[in-house]
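Novice: One structure coming up, written as structure tokens, with questions to follow.
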Amino acid sequence: MSTNEPAITVDFIRNIVAKDLAVGKNAGKVVTRFPPEPNGYLHIGHAKSICLNFGIAQENSPGTCHLRFDDTNPEKEDEEYIQAIKDDVKWLGFDWKENLFFASNYFDKLFELAQVLIKNGDAYVCSLSANDIREYRGTLTEPGKNSPDRDRSPAENLDLFLRMRDGEFADGSYTLRAKIDMASPNINMRDPALYRIRRATHHQTGDKWCIYPIYDYTHCISDALEGITHSLCTLEFEDHRPLYDWILDRLEDQLKQHPQQIEFSRLALDFTVVSKRKLIQLVNDNFVAGWDDPRMPTISGLRRRGYTPESIRNFCNRIGITKSPNNVEIGFLEGCLREDLESKALRSMAILKPLKVVIENYPEDKIEPLTAPNHPQNPELGNRTIYMTREVYIDHEDFLEVAPNKKFKRLVAGKEVRLRNSYVIKCEEVIKDSNSGEIVELRCSYDENTLNTNPEGRKVKGVIHWVSATKAVKAEIRLYDRLFKNANPEEGGNFLDNINPNSLTILKDCPIESSLAQAKTGDTFQFERVGYFSKDPDSTDDYPIFNRAVTLRDSWAKILSPRRASR
């Protein structure tokens with residue numbers, strides 16, 4: 001990782017880990033885990049958890065962090081998601097080394113331990129339907145009711161459980177439930193399900209099983225089997241912690257390891273949804289072009305847009321780890337990207353709305369190579385060659401016939417401006433379409449004595465970007481903006497109603513510097529005076545495509561009232 005990244009912010013979880021190490025708890029070891037479900041792509045909220053779990057392991061050498069796939073729901077899981085998750089974790093800069101696991105690795109052990117719970121009277125087979133179980137569970141103000149099967153003998157329960165495994169019963173006809181307390185104020189402790197019958201081919205175990213364990217049962221045992229010391233979860237699992245501890249306490253003799261579950265607040269980012277159900281809906285209903293659409297908050301979408309792993313790690317570190325709601329402005333994430341790219345993105349020039357300029361006193365057949373720095377503040381990044389020719393393109397927005405005020409420092413009819421890293425030109429004539437009156441061409445002159453030097457006797461304040469019409473490469477430019485119009489996409493009830501219709505603008509045949517033709521997929525540049533852009537994998541050898549990663553400034557700041565990021 002970069003040595004330029006800011007120091008890690010100490011938080012309450014790191015304080016807990018430090019105290020545990022100080023007293024020799026867990027034999028002085030730190031073992032964490034990142035346990036994604038392979039039923040979708042990872043998003044920016046997962047990045048926070050990845051950075052926390054892998055970060056704590058790295059900070060407490062020889063700590064380790066496991067990558068463990070929680071693959072207990074085969075109907076929604078896919079190898080595509082498994083590979084995408086691995087790619088994302090690696091891209092963020094973390095390595096699980098030999099510590100790659102699947103919850104399905106433990107299916108035999110989980111089945112064995114379930115039998116222990118049954119024999120000890122801590123679990124029973126229930127024939128209530130899913131709807132009946134919900135009805136029997138009660139409410140936050142009313143206790144639940146016992147299942148009519150709750151008092152079956154351990155022998156009867158064991159027999160039924162083995163027959164569940166052997167496929168004798170239909171899906172949904174039986175569940176294995178923990179026998180805890182139907183009057184518990186914590187609904188998660190009201191005899192929660194441990195196993196259900198589900199005939200589905202599993203991507204790791206095939207058709208070996210027709211019963212699958214529930215997450216709450218699987219997770220704590222997987223942690224114990226792997227020797228996890230600190231099981232870090234988001235706050236929605238806080239009410240599940242008593243069940244986590246209850247299962248491990250009941251299986252203490254078999255597992256001999258009791259990890260500590262610690263909860264922290266999940267990330268909420270404005271103008272964004274991170275619910276996997278909603279992200280799947282965006283993909284399946286074609287509101288976006290896929291999981292890696294650059295408008296998506298997925299890690300693969302951010303990567304394709306032009307985000308760097310350093311910028312995301314810095315963002316996750318700066319927002320911090322707390323138990324308080326972590327509502328963060330998306331502008332804060334964009335600011336982390338600007339900060340990272342400012343120091344290392346090579347400069348180049350591209351014209352998004354081209355206006356042709358003919359420099360009438362420049363030799364017609366001359367192609368003049370000029371030297372331009374790749375980064376004006378970092379000479380170590382070297383130089384590139386740009387080409388001056390009689391015909392060039394400038395951006396339409398850099399020309400007005402009459403300046404609106406003294407602050408306008410671009411090209412005006414009858415006035416001068418400097419072409420960046422080139423000569424000073426003067427607009428002599430404006431050519432307009434005879435029908436529409438639209439400006440289609442400028443006729444200019446240049447001062448041949450102004451290459452890298454100021455003209456004598458006059459001051460030229462403005463500098464604009466340009467591209468040679470002769471040497472330019474044509475490219476598609478995709479201008480991505482925020483996917484939602486409102487900071488809270490749920491405003492009004494349906495997040496789909498708040499989709500921003502202007503979240504993507506595609507500009508065809510934009511002239512760009514010829515040097516950009518050699519860019520590789522994922523290379524990110526600052527198009528001078530325009531923004532930061534990354535080469536898209538849809539590019540071809542003949543037609544590159546660049547995605548806008550982020551503007552040079554927060555263009556939404558003028559629209560929205562300022563709000564500070566929640567640290």
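Novice: Tell me the helices (runs of 4 or more DSSP H) entirely within segment 122-234 that contain at least 2 residues that are modelled with pLDDT of 95 or more and of a type in the set (V, I, T).
Specialist: 215-226
Novice: Test S265 against the criterion of being within 20 Å of W96 (Cα to Cα), in contact (Cβ under 8 Å) with a residue 40 or more places away in the chain and not assigned by TED's automatic domain parsing to the domain that holds N500, and give yes or no.
Specialist: The answer is no for S265.
Novice: Here's a follow-up. Here is a check on your reading of the model: is F34 hydrophobic (A, V, I, L, M, F, W, C), out of contact with any Pro (no Cβ under 7 Å at 6 or more places or on another chain), surrounded by 21 or more Cβ atoms within 10 Å (Cβ to Cβ) and in contact (Cβ under 8 Å) with a residue 24 or more places away in the chain?
Specialist: yes
Novice: Of everything in segment 57-84 that's assigned to a loop (DSSP other than H, G, I, E, B) and touching a residue at least 60 places away in the same chain (Cβ under 8 Å), which residue is farthest from H203 (Cα to Cα)?
Specialist: D70
Novice: Something else about it: Only one of these is closer than 20 Å to L352 by Cα and free of Cβ contacts under 8 Å to residues at least 12 places away in the same chain: D536, D542. Name it.
Specialist: D542
Novice: Yes or no: T470 assigned to a strand (DSSP E or B) and either closer than 30 Å to N284 by Cβ or touching a Ser or Thr at 6+ places or on another chain (Cβ under 6 Å) (or both)?
Specialist: No, not satisfied.
Novice: Also, quick follow-up: So which residues in segment 390-408 are of a type outside the set (D, E) and crowded, with 19+ Cβ neighbours inside 10 Å, if there are any at all?
Specialist: If the condition is that a residue be of a type outside the set (D, E) and crowded, with 19+ Cβ neighbours inside 10 Å, then R390, V392, Y393, I394, F399 are the ones that fit.
Novice: Scan segment 345-366 for residues that are free of Cβ contacts under 8 Å to residues at least 60 places away in the same chain and either closer than 30 Å to L479 by Cα or touching a helix residue (DSSP H, G or I) at 6+ places or on another chain (Cβ under 7 Å) (or both) and jot them down.
Specialist: none
Novice: Moving to a separate point now. With surrounded by 14 or more Cβ atoms within 10 Å (Cβ to Cβ) and under 21 Å from E77 (Cβ atoms) as the only criterion, which of R137, R190, R152, R196 stands out?
Specialist: Result: R196 is the single residue among R137, R190, R152, R196 that is surrounded by 14 or more Cβ atoms within 10 Å (Cβ to Cβ) and under 21 Å from E77 (Cβ atoms).
Novice: Here's another thing I want to ask about it. Looking only at segment 52-66, filter to residues that are within 12 Å of W96 (Cα to Cα) and touching a helix residue (DSSP H, G or I) at 6+ places or on another chain (Cβ under 7 Å); which one of those is surrounded by the fewest Cβ atoms within 10 Å (Cβ to Cβ)?
Specialist: Taking the candidates together, the pick is G63.
Novice: Here's something else I'd like to know. Take E112 and tell me if it is under 30 Å from D159 (Cα atoms) and either surrounded by fewer than 17 Cβ atoms within 10 Å (Cβ to Cβ) or outside the structural domain of C233 (by TED's automatic domain parsing) (or both).
Specialist: Yes, satisfied.
Novice: Any residue in segment 93-100 that is at pLDDT 95 or above, surrounded by 13 or more Cβ atoms within 10 Å (Cβ to Cβ) and part of a helix (DSSP H, G or I)?
Specialist: Taking every residue of segment 93-100 in turn, none turns out to be at pLDDT 95 or above, surrounded by 13 or more Cβ atoms within 10 Å (Cβ to Cβ) and part of a helix (DSSP H, G or I).
Novice: Whether any residue in segment 252-260 is within 21 Å of K323 (Cβ to Cβ) and either part of a helix (DSSP H, G or I) or assigned by TED's automatic domain parsing to the domain that holds L52 (or both) is what I want to check.
Specialist: Yes, because at least one residue in segment 252-260 is within 21 Å of K323 (Cβ to Cβ) and either part of a helix (DSSP H, G or I) or assigned by TED's automatic domain parsing to the domain that holds L52 (or both).
Novice: Same structure, new question: In segment 216-230, how many residues are small (G, A, S), out of contact with any Leu (no Cβ under 8 Å at 6 or more places or on another chain) and surrounded by fewer than 24 Cβ atoms within 10 Å (Cβ to Cβ)?
Specialist: Selection size over segment 216-230: 1.
Novice: Could I ask something else about it? Looking at this structure, is S503 farther than 19 Å from D395 by Cα, touching a Phe, Trp or Tyr at 6+ places or on another chain (Cβ under 9 Å) and modelled with pLDDT of 95 or more?
Specialist: yes
The values are calculated or read from the model by the stated rules, or taken from the named source; none is laboratory data. Here the structure is a predicted model, which means the values were calculated and not measured. Don't worry about glycine lacking a Cβ; one is built from the backbone with ideal geometry, like all the others, and counts go over all protein chains shown.
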